[in-house]
Structure formats: structure tokens, C-alpha cells
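Engineer: I'd like to ask you about the structure that follows.
The values are calculated or read from the model by the stated rules, or taken from the named source; none is laboratory data. Computed from a predicted model, the values in this text were never measured in an experiment. Positions of Cβ are generated from backbone atoms using ideal geometry, with glycine treated the same way; all protein chains shown enter the neighbour counts.
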Amino acid sequence: MLVDIQHDFMDGSLAVPGAAEILPTVYGLLDDHQIGWKAVVASQDFHPPNHISFASRHAAQPFTRLLLPPCHEIDHPKTIDLWPDHCVQGTKGCLLDPGIESRLESLASLGREVKVIQKVFHPFS
């Protein structure tokens with residue numbers, strides 16, 4: 001399982017220091033056809049532009065917490081962590097690393113099961 005190997009986590013708005021250092025190892029594992037992967041699953045953060053966790057939606061600072069009052073989407077008060085806008089649907093930041101993407105396509109062409117699971121795609125999820 002490949003977890004969120006996307007532009008915004010590699011070198012974008014929510015970059016993890018040193019994240020790109022994993023790529024040679026991941027590429028090597030995906031390229032090793034002796035392993036015989038039967039299935040490869042990749043997760044992809046896939047936020048709408050108005051996601052509730054984006055600090056910009058609340059005119060607040062990223063990396064802070066906010067107590068949301070109950071409303072029609074949330075039936076009880078809820079504390080959330082606020083993040084910079086990241087992995088927004090339709091942007092480069094949302095895309096999987098191109099080396100990962102091409103290797104997944106290659107595995108699929110060899111008849112391996114490849115699944116990309118898009119997550120957090122609802123404004124209130």
C-alpha cells in the first residue's frame with residue numbers, strides 16, 4: 001500500500017521534509033517484477049477546494065485548532081485541526097508522484113490489480 005505519495009506532501013503546500021527520499025526505494029519495489037505483486041493499492045488525498053479542515057476557509061492560521069459549533073453538517077461541537085490548502089481536486093498538488101503513477105500504469109498493463117483510493121473528498125469529511 002502506497003500512502004499519499006502526492007505532490008503537496010512531497011514538495012508542495014504541506015511538504016514533509018525528506019519525503020522524496022523514499023522514492024528510489026518505492027520505485028525499486030514496484031519495478032521488481034520478481035516480487036509478483038498481485039495487487040497494489042495507493043491512497044490519494046482528494047480534497048474539495050472548500051474542505052472544512054482548510055485554515056483558509058475559516059480565515060485562521062494553519063496548524064491551529066478550531067472548535068466548530070453544531071450546524072446542519074455537524075450534529076455536535078467538534079474540534080478540528082486546521083491545515084494549509086493541500087491536495088485539492090484538479091490541482092497538481094493532488095496528483096500522485098509521476099514516477100509512482102507510471103509504475104502503477106505499468107503494473108496494470110501486466111495484469112496486476114491496481115487500485116487508487118481517493119479519500120477525504122467531501123467538504124465535511
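Engineer: Output the number of the condition that Val41 fails; it satisfies all remaining conditions of (1) under 19 Å from the mean Cα position of the chain (by Cα); (2) within 20 Å of Ser13 (Cβ to Cβ); (3) surrounded by fewer than 16 Cβ atoms within 10 Å (Cβ to Cβ).
Structural biologist: Only one criterion is unmet by Val41, namely (2).
Engineer: For the subset of the range 71-104 comprising residues that are farther than 15 Å from Val26 by Cα, surrounded by fewer than 18 Cβ atoms within 10 Å (Cβ to Cβ) and of a type in the set (Asp, Glu), which member is modelled with the lowest pLDDT?
Structural biologist: Filtering first and then ranking leaves Glu73.
Engineer: Follow-up question, since we're still on this one. Looking at the range 105-122, which of its residues are among the acidic types (Asp, Glu) and more than 17 Å from Tyr27 (Cβ to Cβ)?
Structural biologist: Result: Glu113, single match.
Engineer: Which residues, counting only those in the range 25-57, are assigned to a loop (DSSP other than H, G, I, E, B) and out of contact with any strand residue (DSSP E or B) (no Cβ under 6 Å at 6 or more places or on another chain)? Outline the logic, then answer.
Structural biologist: Our first condition is that a residue be assigned to a loop (DSSP other than H, G, I, E, B); within the range 25-57, this holds for 32-38, 46, 48-53.
If the condition is that a residue be assigned to a loop (DSSP other than H, G, I, E, B) and out of contact with any strand residue (DSSP E or B) (no Cβ under 6 Å at 6 or more places or on another chain), then Asp32, His33, Gln34, Ile35, Gly36, Trp37, Lys38, Pro48, Asn50, His51, Ile52 are the ones that fit.
Engineer: Pick from the range 44-66 the residues that are over 21 Å from Val3 (Cα atoms) and of a type in the set (Gly, Ala, Ser): which of them is surrounded by the fewest Cβ atoms within 10 Å (Cβ to Cβ)?
Structural biologist: Ala59
Engineer: State all residues of the range 102-125 that are more than 12 Å from the chain's Cα centre (by Cα) and outside any helix (DSSP H, G or I); if no residue qualifies, say none. Talk me through it step by step, then tell me what you get.
Structural biologist: Pass one, the range 102-125, residues more than 12 Å from the chain's Cα centre (by Cα): 102-115, 122-125.
Scanning the range 102-125 gives Leu110, Gly111, Arg112, Glu113, Val114, Lys115, His122, Pro123, Phe124, Ser125.
Engineer: Which residues, taken from the range 58-94, are over 21 Å from Ala15 (Cβ atoms), in a loop (DSSP other than H, G, I, E, B) and either free of Cβ contacts under 8 Å to residues at least 40 places away in the same chain or in contact with a Ser or Thr (Cβ under 6 Å, 6 or more places away or on another chain) (or both)?
Structural biologist: Within the range 58-94, Ala59, Pro69, Pro70, Cys71, His72, Asp75, His76, Pro77 qualify.
Engineer: With the condition kept exactly as written, say whether any residue in the range 83-101 is more than 16 Å from the chain's Cα centre (by Cα) and under 19 Å from Asp4 (Cα atoms). Even if it seems obvious, please write down each step before you answer.
Structural biologist: We begin by selecting, within the range 83-101, every residue more than 16 Å from the chain's Cα centre (by Cα); these are none.
Within the range 83-101, none of the residues are more than 16 Å from the chain's Cα centre (by Cα) and under 19 Å from Asp4 (Cα atoms).
Engineer: Only one of these conditions is not met by Ile22: (1) among the β-branched types (Val, Ile, Thr); (2) in a helix (DSSP H, G or I); (3) modelled with pLDDT under 95. Which number is it?
Structural biologist: Result: Ile22 passes all but (3).
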